[in-house]
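What follows is a single structure, written as structure tokens, with notes after it.
The values are calculated or read from the model by the stated rules, or taken from the named source; none is laboratory data. Here the structure is a predicted model, which is why all the values come from computation and not from measurement. Backbone-built Cβ (ideal geometry, glycine too); neighbour counts: all protein chains shown. For accessibility, only protein heavy atoms count, side chains too; no ligands or nucleic acids. Shrake-Rupley method; radii C 1.70, N 1.55, O 1.52, S 1.80 Å.
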Amino acid sequence: MLEDALEHLVRGIVEHPDDVRVRARRIRGGRVLEVRVHPDDLGKVIGRSGRTAKALRTVISALSGGRYVRVDLLDVNEVR
């Protein structure tokens, strides 16, 4: 559910919504949501001084019900 919500929010922000990918990984104590966007859209998703990224993390944290969730923002070409 968190992946779908985050993908929906990010698709509404970017100019290349077809390039948005959200992948979840389990880590000890929680989950990591990796958001991959087109390189031209990375600045939009991060926002001025990181405000948009912080807002996305706040919404996902509220939806997580107290469980630990980390949101990583990457462009589609970045290797991880």
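Between region 38-74 and region 19-36, the C-alpha centres lie 12 angstrom from each other. Taking the longest Cα principal axis of the chain as reference, the axis of helix 51-63 is set at about 30 degrees.
Using the average count of surrounding beta-carbon atoms within 10 Å as a protection proxy, the listed peptides 29-38, 47-56 rank, highest first, as 29-38, 47-56.
With 5 Å bins from zero, work out the P(r) of region 36-80 over every alpha carbon pair and list the percent per bin. Pair shares across the bins are 5, 22, 24, 22, 17, 8, 1. With N counted as the residues of the chain, its alpha-carbon radius of gyration over 2.2 N^0.38 Å works out to 1.02.
Each Lys and Arg Cβ is given +1 and each Asp and Glu Cβ -1; about its Cα centre, the chain then shows a dipole of about 600 debye. Around the amide H of Arg70, modelled in the peptide plane, lie the amide H atoms of Arg31, Val32, Leu33, all under 5 Å away and 5 or more residues distant in sequence or on another chain.
Using the heavy atoms of the protein chains and a 1.4 angstrom probe, tell me the accessible area per residue for the chain in square angstrom.
Details: 5130 Å² over 80 residues.
It amounts to 64 Å² per residue over the chain.
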